[in-house]
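Heads up, the thing below is written out as structure tokens.
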Amino acid sequence: MNYRIKHRITRRQSLKLIGATLAAVTLPTASLLADKGEMRQKAFAGTDKKLPVIGMGTWRTFNVGNDPQLLDARTEVVKAFFDHGGGLIDSSPMYGSAPDVMGYALQQLGTPESLFAAEKVWSPAGGSTREQVAELKERWKVEHFDLVQVHNLADWREHLAALQEMKAEGNIRHVGITTSHGRRHSEIEQIMTSEDIDFVQLTYNITHREAENRLLPLAEERGIGVIANRPYDGGSLIKNLKRRDAPLPEWANEECGCTTWADFLLKFIVSHPAITCAIPATTQVEHMRENMRAGHSPMPSPDARQRMTDYIGSL
Amino acid sequence: MNEWTSYQLQDFIPFTAEVYFRLLERMGETFWPLHLLTLALGAATLALALKHRTRLACLLPAPLWAFVAVAFFIQRYAALNWAGGYAGDTFIAQAVLLVVIALTGWGMDKTPSRTSPPVVMGIAIALFGLILMPLMAPLSGGSWYQTEVFGIHADPTAVTTLGLALIMLRGFALWIAAIIPALWLVVSGLTLQALDSTGSVVLFAVLAITLVGLVWKSIKPKR
Ligand SMILES: NC(=O)c1ccc[n+]([C@@H]2O[C@H](COP(=O)([O-])OP(=O)(O)OC[C@H]3O[C@@H](n4cnc5c(N)ncnc54)[C@H](OP(=O)(O)O)[C@@H]3O)[C@@H](O)[C@H]2O)c1
């Protein structure tokens, strides 16, 4: 086919082709410049769908009960998230009122197109998977979940089987499993190998890199999306760096545009080729803005990533 | 990685300090001036206990335990922590236990001596729960609404009840009546510790003194 097209090419077309080639040569610079103010996106789960590389978590931070003052404050945080191009929001029935608070915020703000709603089911399963998902949908006030994960592998066989059925029926879009703190990696590995899952959520940050050994390469090989939880190690990582007023190395700005510790820590995570997105949690609009800016280009090269880990190790 | 060693206290506390202290403050905002009534009931209970009107002294705090169970745990705290409903149930169980003790007279120390060390400890703990605990928030720069009060908030209710139990009860009944308040103080102390609040030290100190009082009263032969 290509051969025949080649033969049909006219003079006008060949001029066009030269133009296109010139454009392609200059494109990387142009697209990088254009990219500067925009959130990076990554394809996930072997599809051509894309997710912004910075999502958000809700553990502790969004569990505010029915306090009107705090409900409005968290709505502002969600607004900042979407204003900066946010997509994936992760919650769980284990996070107290966080799903209700998300429902409140979405009702105030409207549900943006970019929302990628990620929930979880947890123990005890006992035939309750569908019920749990239905209840959470009501609490979020959404029509569907883009992703439902089995929280910390609780009753995972039963939950996963039910979630797969729900996915096949079109009730939910993707299924996944979660762990954190480096727990149960060998079981996670087995599930990633033997089950047909779209996402795995695990702890990956600059000081907790166990997942690099087996799970991240396996995710790439199997086309499984990876959500990095505890990107700030629960907050201690960034809060300690800020409190100590630790100097941000100049080369980090030159090599990958890091101007804040949020840039440094999050860019490290999302520049790993296997990571789809990181999900920092925050109660503060200013922190949300800082976190979202970390999803902008440029990203660190493999060499720069090595320098980043060495630098943190040396502090 | 050993799964259990990877857990920290923070992993079990699903809210931030801001949210927890706002919850305590909202209890104050919502129920003021009920505080005056609950404090008066507390003071009356202490007076009755010291005057050996033990049955009535056991009965009076029971509705307050039920109130904290419903208004604090079931209606509010449970929205933040799935375990809150169970905490509410145990507070209701304590209310029932106090009623049962009041009705049956089980384990009552009918003539507590005001000079016996465990009773002195009990009086001190009860006064601390009734008077000093409410003053802690305003004295440390907080608003009056952050004041934690016996019969409205869980901590002073548990502390004061432990003090009262040391005065009024003895033997097995004393230990049984102390279990739920003491367990709550452990949970609350650990919560405050995870939230980096110095309040935890106060609760653990009360617990330690109570334990000494319980053991003392149990081994000391009654005169
Ligand atoms: N097994 C599981 O499924 C599992 C386990 C763990 C976590 N997760 C998910 O992953 C999410 C993230 O993990 P995490 O919440 O444990 O920890 P994290 O995101 O590493 O840290 C959250 C803490 O970082 C602070 N923070 C955020 N942005 C900041 C900034 N720019 N500057 C300074 N401080 C900042 C926040 O405090 P401020 O409020 O002051 O900003 C918050 O206390 C969770 O919320 C949850 O959705 C899932």
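Just a yes or no: is a residue in region A:276-295 open to solvent by less than 30 Å² (accessible area, probe 1.4 Å) and either basic (Lys, Arg) or away from the ligand (no atom under 13 Å from the Cβ) (or both)?
Within region A:276-295, one or more residues are open to solvent by less than 30 Å² (accessible area, probe 1.4 Å) and either basic (Lys, Arg) or away from the ligand (no atom under 13 Å from the Cβ) (or both).
Of all residues in region B:41-54, which are under 18 Å from residue B:66 (Cβ atoms) and surrounded by fewer than 20 Cβ atoms within 10 Å (Cβ to Cβ)?
Matches in region B:41-54: B:41, B:44.
Just give me the residues in region B:1-40 being assigned to a helix (DSSP H, G or I), within 11 Å of chain A (Cβ to nearest Cβ) and open to solvent by less than 40 Å² (accessible area, probe 1.4 Å), in sequence order.
Of everything in region B:1-40, those that are assigned to a helix (DSSP H, G or I), within 11 Å of chain A (Cβ to nearest Cβ) and open to solvent by less than 40 Å² (accessible area, probe 1.4 Å) turn out to be B:6, B:11, B:17, B:19, B:20, B:22, B:23, B:25, B:26.
Of the residues that sit in region A:78-95 and are within 15 Å of the ligand (Cβ to nearest atom) and over 17 Å from the mean Cα position of the chain (by Cα), which one is farthest from residue B:21 (Cα to Cα)?
My answer is A:93.
Need a quick list: helices (runs of 4 or more DSSP H) entirely within region A:143-244 having at least 2 residues that are within 14 Å of chain B (Cβ to nearest Cβ) and more than 13 Å from the ligand (Cβ to nearest atom).
On the way: elements: A:156-168, A:185-194, A:215-222, A:236-243.
Qualifying helices (runs of 4 or more DSSP H): A:185-194.
Test residue A:44 against the criterion of being open to solvent by less than 50 Å² (accessible area, probe 1.4 Å), more than 14 Å from every other protein chain (Cβ to nearest Cβ), away from the ligand (no atom under 12 Å from the Cβ) and at pLDDT below 95, and give yes or no.
For residue A:44, the condition - open to solvent by less than 50 Å² (accessible area, probe 1.4 Å), more than 14 Å from every other protein chain (Cβ to nearest Cβ), away from the ligand (no atom under 12 Å from the Cβ) and at pLDDT below 95 - is met.
The conditions are (1) at pLDDT 95 or above; (2) at the interface with another protein chain (Cβ under 10 Å from one of its Cβ atoms); (3) closer than 21 Å to residue A:146 by Cα, and residue A:64 fails exactly one of them. Which is it?
Going through the list (1) at pLDDT 95 or above; (2) at the interface with another protein chain (Cβ under 10 Å from one of its Cβ atoms); (3) closer than 21 Å to residue A:146 by Cα, residue A:64 breaks only (3).
The values are calculated or read from the model by the stated rules, or taken from the named source; none is laboratory data. Everything numeric in this text was worked out from a predicted model, so none of it was measured. Cβ coordinates were reconstructed from backbone atoms using ideal geometry, including for glycine residues, and neighbour counts include every protein chain displayed. For the accessible areas, the whole protein counts, side chains as well, though only heavy atoms, and no ligand, DNA or RNA atoms are used. Shrake-Rupley method; radii C 1.70, N 1.55, O 1.52, S 1.80 Å.
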